[in-house]
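Notes follow once the structure below has been shown.
The values are calculated or read from the model by the stated rules, or taken from the named source; none is laboratory data. Just so it is clear, the structure is predicted and the values come from calculations on it, not from any experiment. No Cβ is skipped: glycine too gets one built from the backbone with ideal geometry, and neighbour counts run over all protein chains shown. Note: areas computed on protein heavy atoms with side chains; ligands, DNA, RNA excluded. Shrake-Rupley method; radii C 1.70, N 1.55, O 1.52, S 1.80 Å.
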There are 2 protein chains.
Amino acid sequence: MTMPTDGFSFEVVKTNGKARAGVLHTPRGDIPTPVFMPVGTLGTVKAMTAGELAADPLDARIILGNTYHLYLRPGLDVIRAHGGLHNFANWNRPILTDSGGFQVFSLAAINEIDDEGVTFRSHIDGSKHRLTPEISMEIQGVLGSTIAMAFDQCPPGQAETDVQEKAMARTTAWAARCLHVERPAGQALFGIVQGGIDVERRKRHLGELAPMNFDGYAIGGLSVGEPIEEMYRVLDAFAADLPGDKPRYLMGVGKPQDLTRAVEAGVDMFDCVMPTRNARNGSLFVPGGKITISNAKHKMDTNPIDADCVCETCQTVSRAYLRHLYIAKEILYNRLATLHNLTFYAQHMRQLRESILAS
Amino acid sequence: MTMPTDGFSFEVVKTNGKARAGVLHTPRGDIPTPVFMPVGTLGTVKAMTAGELAADPLDARIILGNTYHLYLRPGLDVIRAHGGLHNFANWNRPILTDSGGFQVFSLAAINEIDDEGVTFRSHIDGSKHRLTPEISMEIQGVLGSTIAMAFDQCPPGQAETDVQEKAMARTTAWAARCLHVERPAGQALFGIVQGGIDVERRKRHLGELAPMNFDGYAIGGLSVGEPIEEMYRVLDAFAADLPGDKPRYLMGVGKPQDLTRAVEAGVDMFDCVMPTRNARNGSLFVPGGKITISNAKHKMDTNPIDADCVCETCQTVSRAYLRHLYIAKEILYNRLATLHNLTFYAQHMRQLRESILAS
């Protein structure tokens, strides 16, 4: 299906129940879906080079950049001097940028929200800044991301009904304003559905956003502290309501088993810091779970993390070596661990895709 | 020239004055000389994978491992379970291990020296350990390094004459004891000449060690706080006295210009933490000097560190990107900076070799 923005289209190749195997075509290359997008907060997926991310068997087809973080550091003047985030970070494949909204509400020292936008203080130096739908789009334009996200208000998971309703109404109004901002060529724009864990409210919000004809639709405001069963319930009851001819993106999720569940519910795209952050914290993914590399039982273990894993880490070094590097706080540990966890996620998504194609 | 240990030989291909271009043949591959050996203290050249070290254009032919550090962490049981340091660290090319002597005297919390050896407390947990010539050789045997170093006493640069003389006498006695320890197949042994900045004493010590017929000879106890002109004076007056048919190794040196001076004085091998440590501290080598990447003047600089450098860092990212990563304390900075500085050193040594060959 052609998407509203030139150069983009989304093809559903095969379905199995609500699960879809597809291809998102972009001006910067094709993205087989379902897909997991590694998070590159500050213009780097932590510990990885761009070349390593793109190389087989990891072969990341799209990564994330965080608008809030990049706006504060290095700042737009630096990114502009490089002609955008792609050149700055030496990454030629697609980049998705968030709108900055989530970080403004969760990270910024102080924030004041009004119908126009948000005034906040930097978590780094306390300096005062303002984000509005127009400013978010302008920043994402300078970043030159392949997919921009509409500026939304993401209320806390436990927020009262009136807060939820107000955030929803604002998000709708802001979505319309985002669509009115001119974007650079080759930049798509996704809308974000809020509504917490109330399925009726989600459907109502989607009813407001769907006619706006975004290039894709995201589910925001899940995995923000609610019980996992609540998230599954909302996904099962709601994800497949998102327009079927456009990519569906579940923001900030999650564990491998969450990705499986969400794909079964009809979601195509994911991002999460879990594989990269867990790696740095000593938690390495293996089929069926995780291992804690600092555990004494790995001290003498000459086996790789996972004998069936095709990543360079598992092909070259032992659990004992990784444990040694982790305990000695060696930088190489972070590289090898991150490479493994990201490869694990990439393989997990490819397996989900294969199983849909084979169904 | 055949060296005493089977499988090793040293070939001087060309000389220019005292400077030599050669090849050190080892059972694990050839090492063109003069050569700089990156330091892999704990079984990792900090921030680098083994594959990256071996890949062009860095192409490191030999790296260092530190006996003291590896003995304490991960410990010999772990290394033994992997069949040696090569397998543990996934590095198949030559490794040179120091004897542990230098670290025992410089790092260990407390040390007590006697004619038999040294008792010391770990700088990590205060635990008590003992190193003797025999124990050092046994550890280096378990590590399975390609070149082992004799256990020596390295006195401080400002040490009085009687301390220097006593250290020299001990180093001679310990050298003989090291030679009596059986080594694994494919492991050469180098002797270390001490004597501080007194050329006469250096020559006298070499007179004691040369008849022992080590596979190579190292100059220890320089670059330990003495003025640089004193080091140059000793090198000019003494380095070429080391046996001409064997590799000559200047330990722990140094800056690119020091390497040039030492090669001119007849030295073949070097190691130093400078390129790797400087990289992590934000100091990047360029022809004729260094740049400090945190400097504000690099904020908007879209140029690479060095436009003529062939390393991946200079081929792919800007000074502004590196400055951003450095300020944000991103792990990727350490990788990219280390790769550049090590490539700079490798290229510097190759240029010195080329200029000797072309002379």
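Provide a whole-number value for the mean count of partner chain Cβ atoms within 10 Å of the Cβ atoms in peptide A:297-308.
Details: counts 0, 0, 5, 7, 2, 6, 0, 0, 0, 0, 0, 0.
Other-chain Cβ atoms within 10 Å of each residue's Cβ, averaged: 2.
Which translational diffusion coefficient, to the nearest whole µm²/s, is obtained for the stretch B:33-179 from the Stokes-Einstein equation, given a Kirkwood hydrodynamic radius over C-alpha pairs, 10 °C and 1.306 mPa s?
On the way: Rh = 16.0 Å.
Roughly 99 µm²/s, to the nearest whole number.
Return a whole-number percent for the relative contact order of the stretch A:125-186, with Cα pairs under 8 Å and 6 or more residues apart as the contact set. Show your work: numbers first, answer last.
Numbers: 44 pairs, mean separation 27.1, N = 62.
So the answer I get is 44 percent.
Using a Förster radius of 45 Å, what is the FRET efficiency between B:GLU229 and B:THR302 based on their Cβ-Cβ separation? Nearest 0.05, please. Walk me through the numbers before you get to the answer.
On the way: r = 40 Å, r/R0 = 0.90.
In this case the efficiency is close to 0.65.
Sequence gap at least 6, Cα distance under 8 Å: using those rules, report the relative contact order of chain B to the nearest whole percent. Don't jump to the answer; show the numbers that get you there.
Numbers: 707 pairs, mean separation 65.7, N = 359.
Result for chain B is 18 percent.
Three principal axis extents, largest first, for the C-alpha atoms of the stretch B:240-359, in Å?
Principal-axis extents of the stretch B:240-359 (Cα, largest first): 51, 27, 20 Å.
What order, most packed first, do the peptides A:68-75, A:202-209 have when packing is the mean number of other Cβ atoms within 10 Å of each residue? Please report the intermediate quantities before stating the final value.
Details: A:68-75: 21.6, A:202-209: 19.0.
Packing order, densest peptide first, comes out as A:68-75, A:202-209.
Quick check for me: using +1 on Lys/Arg Cβ and -1 on Asp/Glu Cβ, what's the dipole size of the protein assembly as shown about its Cα centre, in debye to the nearest 20?
Values: 72 positive and 80 negative charges, 5 e Å.
Around 20 debye, computed over the protein assembly as shown.
Distances from A:ARG233 to the same residue in each other copy, label points 7 Å out along Cα→Cβ, in nm, shortest first?
8.5
Find the all-direction average of the projected area of the Cα convex hull for the protein assembly as shown, expressing the result in square nanometres with one decimal place.
Working: hull surface 130.6 nm².
Value for the protein assembly as shown: 32.6 nm².
Over the Cα atoms of the stretch B:246-285, what radius of gyration and what Dmax do you get, in Å?
11.2, 37
Considering only protein heavy atoms and a 1.4 Å probe, what is the carbon-and-sulfur percentage of the accessible area of the stretch A:186-281? Can you show the working numbers first?
On the way: 1480 of 2960 Å².
It is 50 percent, rounded to a whole number.
Once phi is turned into ³J(HN,Hα) by the Karplus curve 6.51 cos²θ - 1.76 cosθ + 1.60 with θ = phi - 60°, what whole-Hz value does each residue of the stretch A:28-36 show in order, with x for glycine and proline?
10, x, 8, 10, x, 10, x, 9, 9
Using the Cβ atoms and a cut-off under 9 Å, what net charge is assigned to the surroundings of A:GLY117, where Lys and Arg are +1 and Asp and Glu are -1? Provide the component values of the computation, followed by the final result.
Working: positive: A:ARG130; negative: A:ASP114, A:ASP115, A:GLU116, A:GLU134.
Overall, the nearby charge balance is -3.
Expressed as an acute angle from 0 to 90° and rounded to the nearest 10, what is the orientation of the C-alpha long axis of helix B:331-357 relative to the principal long axis of chain B?
With both axes taken from Cα atoms, the answer is about 70 degrees.
For the stretch B:112-215, what is the convex hull volume of its Cα atoms per residue in Å³? Walk me through the numbers on the way to the answer.
Numbers: hull volume 11.5 nm³, N = 104.
So the per-residue hull volume is 111 Å³.
Kirkwood Rh and Cα-based Rg: tell me the resulting Rg over Rh for chain B, rounded to two decimals.
On the way: Rg = 20.0 Å, Rh = 20.8 Å.
With Rh from the inverse mean 1/r over Cα pairs, Rg/Rh is 0.96.
What does the charge count near B:ASP56 come to, summing +1 for each Lys or Arg and -1 for each Asp or Glu among other residues with Cβ under 15 Å from its Cβ?
Working: positive: B:ARG61, B:ARG93, B:ARG350; negative: B:GLU52, B:ASP59, B:GLU312.
The answer is 0.
With charges set only on the Cβ (+1 for Lys and Arg, -1 for Asp and Glu), what does the dipole of the stretch A:106-213 come to about its Cα centre, in debye to the nearest 20?
Details: 11 positive and 15 negative charges, 48 e Å.
So the magnitude is around 240 debye.
Please compute P(r) over all alpha-carbon pairs of the stretch A:197-304, binned at 5 Å starting from zero, and give each bin as a whole-number percent.
2, 11, 19, 19, 15, 10, 8, 7, 4, 3, 2, 0
Binning at 5 Å from 0, report for the stretch A:1-119 what percent of all alpha-carbon pair distances ends up in each bin.
2, 10, 16, 18, 17, 15, 11, 7, 3, 0
Calculate, in nm to one decimal, what B:ASN111 and B:ASP162 gain on full extension: separation in residues at 0.36 nm each, minus their alpha carbon distance.
Details: separation 51, 0.36 × 51 = 18.36 nm, distance 1.90 nm.
So the extension gain works out to 16.5 nm.
Evaluate peptide A:67-74: per residue, the Cβ atoms of other protein chains within 10 Å of its Cβ; return the mean as an integer. Please report the intermediate quantities before stating the final value.
On the way: counts 0, 0, 1, 1, 0, 1, 3, 9.
Average per residue, whole number: 2.
Chains A and B: what accessible area do they bury, summed, in square angstrom to the nearest 100, with a 1.4 Å probe?
Values: alone 14860 and 14870 Å², together 26510 Å².
Chains A and B together bury roughly 3200 Å² of accessible area.
Please flag any cysteine in the protein assembly as shown that has no other cysteine's Cβ under 4.7 angstrom from its own Cβ.
Result for the protein assembly as shown is A:CYS154, A:CYS178, A:CYS272, A:CYS311, B:CYS154, B:CYS178, B:CYS272, B:CYS311, no neighbouring Cys Cβ within the cutoff.
Roughly what angle does helix A:199-209 make with the longest principal axis of chain A, taking Cα atoms, 0 to 90 degrees, to the nearest 10?
Rounded to the nearest ten degrees, it is 60.
Looking at chain B as a GNM with Cα springs under 10 Å, which of B:CYS154, B:CYS311, B:CYS178 has the largest mean-square fluctuation?
Greatest mean-square fluctuation among the candidates belongs to B:CYS311.
Where q = 0.24, 0.29 Å⁻¹, what log10 of I(q)/I(0) comes from the Debye formula for the stretch B:188-252, counting one point per Cα?
-1.01, -1.41
What's the FRET efficiency of B:ARG350 with A:SER127 using the Cβ-Cβ distance as r and R₀ = 56 Å, to the nearest 0.05? Write down the numbers at each step before the final one.
Details: r = 48 Å, r/R0 = 0.85.
E between B:ARG350 and A:SER127, to the nearest 0.05, is 0.75.
Between 0 and 90 degrees, rounded to the nearest ten: what's the tilt of helix B:133-143 against the longest Cα principal axis of chain B?
For helix B:133-143, the angle is close to 40 degrees.
Relative contact order for the stretch A:1-125: what is it in percent, counting Cα pairs under 8 Å that are at least 6 residues apart?
Numbers: 173 pairs, mean separation 20.7, N = 125.
Once normalised by length, the contact order is 17 percent.
Could you give the accessible area per residue of the stretch B:83-236, probe 1.4 Å, as a whole number in Å²?
On the way: 6000 Å² over 154 residues.
Accessible surface, normalised per residue, equals 39 Å².
Considering every residue in B:316-328, what mean count of other chain Cβ atoms within 10 Å of its Cβ is obtained? All intermediate terms of the calculation are to be shown ahead of the outcome.
Values: counts 6, 8, 6, 0, 7, 10, 0, 2, 11, 5, 0, 3, 9.
Mean partner shielding for this stretch: 5.
Hey, what do the phi angles of the stretch A:107-120 turn into as Karplus ³J(HN,Hα) couplings, whole Hz, using 6.51/-1.76/1.60 and θ = phi - 60°, x for Gly and Pro?
Karplus-based 3J(HN,Hα) across the stretch A:107-120 equals 10, 4, 4, 9, 9, 10, 9, 9, 5, 7, x, 10, 9, 8 Hz.
Shortest first and in nm with one decimal, please list how far the A:THR15 label point sits from its counterparts in the other copies (point 7 Å along Cα→Cβ).
Nearest first, the other copies' label points are 8.3 nm away.
Between A:LYS14 and B:VAL286, what is the label-point separation in nm under the 7 Å Cα-to-beta-carbon projection?
5.4
Report, for chain A, the % of DSSP beta bridges that are antiparallel, rounded to 5.
Numbers: 25 of 46 bridges.
Counting only bridges with both partners in chain A, antiparallel ones make up about 55 percent.
Comparing B:GLY254, B:GLY17, B:GLY117, which has the greatest mean-square fluctuation in the GNM of chain B with Cα pairs linked when under 10 Å apart?
B:GLY17
Which residues of the stretch A:33-55 bury at least 30 Å² of accessible area once all protein chains are present, versus their chain alone (1.4 Å probe)?
A:LEU42, A:THR44, A:ALA47, A:THR49
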